[in-house]
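**Student:** Below is a structure I'd like to ask you about.
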Amino acid sequence: MRRLGIATVVMVGLVCAGGSAQSANDEQQLAGLVTKWAAARNANDAEQMRALFHPQVDHVRVTTGEVIATDADQLVGWFATGFKGDGKGTTVQVSRQRARALSPTLGVVDYAMTMARPDGSRLLSTAVTFFCARQGSEWKVAAVRFGSPVDPALDPAPK
C-alpha cells in the first residue's frame, strides 16, 4: 500500500512537471509570434505576417472602437496599404512583453510597442495584446488589440 502511495505521488509530480514544461514551451512559442511579427512589420512585408494570423483574426483599435479587420485577408491588406502610405519605412520596437498560455489552445501576449518614423523619431507608443489560438501544432494570432497610447498626443488615430 505504501508503494502505491509513493508511486501516485511520483506520477502526479511527473504530470505536473510535464504540464509546466509544456506551458513554458507554449509561452516561448507565443512570445515568438511577437518577435516574428515585429520582424515582418519592420521589413514592411504584410505577406510575411499572414503566416502568423489565424484565418478569422480580428483587429480592433480599443481607444476608438474602430474595427480594422475581421479576417486575415483584411488585416494583411490593411498592413500592405499602410506600408505604401503613412507607414512606409516605419519600424517598431517591442518591450515589456508577457506571454501566457491560458489553456492548451488559448494564449495571450501583452507587450508595449514603440513605432518610429524612417528618420528614427518616435511616432507613437502603445500597449498591444495578441489573443492567440492553437491551430494544429502552431499558435496563431486570433485577435489584435491596440490599447491606449502612452502619449495620446502622438497617437495617429483617425480624427
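The values are calculated or read from the model by the stated rules, or taken from the named source; none is laboratory data. Values in this document were obtained by computation on a predicted structure and should not be read as measured data. Reconstructed Cβ throughout: ideal geometry from the backbone, glycine too, with neighbour counts over all protein chains shown.
**Student:** So is Val76 farther than 18 Å from Gly147 by Cα, of a type in the set (Val, Ile, Thr), in a helix (DSSP H, G or I) and at pLDDT 95 or above or not? So that I can check it myself, show each step before the final result.
**Tutor:** Details: farther than 18 Å from Gly147 by Cα: yes; of a type in the set (Val, Ile, Thr): yes; in a helix (DSSP H, G or I): yes; at pLDDT 95 or above: yes.
Yes.
**Student:** Follow-up question, since we're still on this one. So, of the residues in region 105-149 that are touching a helix residue (DSSP H, G or I) at 6+ places or on another chain (Cβ under 7 Å) and of a type in the set (A, V, I, L, M, F, W, C), which turns out to be surrounded by the fewest Cβ atoms within 10 Å (Cβ to Cβ)?
**Tutor:** Leu123
**Student:** Among the residues of region 146-158, are any modelled with pLDDT of 95 or more, more than 21 Å from Ser23 (Cα to Cα) and not charged (D, E, K, R)?
**Tutor:** Scanning region 146-158, I find no residue that is modelled with pLDDT of 95 or more, more than 21 Å from Ser23 (Cα to Cα) and not charged (D, E, K, R), so the answer is no.
**Student:** Considering every residue within region 51-58, establish whether at least one is assigned to a strand (DSSP E or B) and more than 19 Å from Ser137 (Cβ to Cβ). Can you show your working first?
**Tutor:** Going through region 51-58, the residues assigned to a strand (DSSP E or B) turn out to be 53-58.
Still in the list and also more than 19 Å from Ser137 (Cβ to Cβ): 58.
The answer is yes; a qualifying residue exists.
**Student:** On to the next question. On the basis of being among the β-branched types (Val, Ile, Thr), in a strand (DSSP E or B), touching a residue at least 12 places away in the same chain (Cβ under 8 Å) and touching a Cys at 6+ places or on another chain (Cβ under 9 Å), does Val108 make the cut? First the steps, then the outcome.
**Tutor:** Values: among the β-branched types (Val, Ile, Thr): yes; in a strand (DSSP E or B): yes; touching a residue at least 12 places away in the same chain (Cβ under 8 Å): yes; touching a Cys at 6+ places or on another chain (Cβ under 9 Å): yes.
Considered against the rule, which asks whether it is among the β-branched types (Val, Ile, Thr), in a strand (DSSP E or B), touching a residue at least 12 places away in the same chain (Cβ under 8 Å) and touching a Cys at 6+ places or on another chain (Cβ under 9 Å), Val108 comes out as yes.
**Student:** Looking for something under 13 Å from the mean Cα position of the chain (by Cα) and of a type in the set (Asp, Glu) - is there at least one such residue anywhere in region 94-110? If you could, list the steps in order and put the result at the bottom.
**Tutor:** Going through region 94-110, the residues under 13 Å from the mean Cα position of the chain (by Cα) turn out to be 94-101, 106-110.
With of a type in the set (Asp, Glu) added as a condition, the list becomes 110.
Scanning region 94-110, I find at least one residue that is under 13 Å from the mean Cα position of the chain (by Cα) and of a type in the set (Asp, Glu), so the answer is yes.
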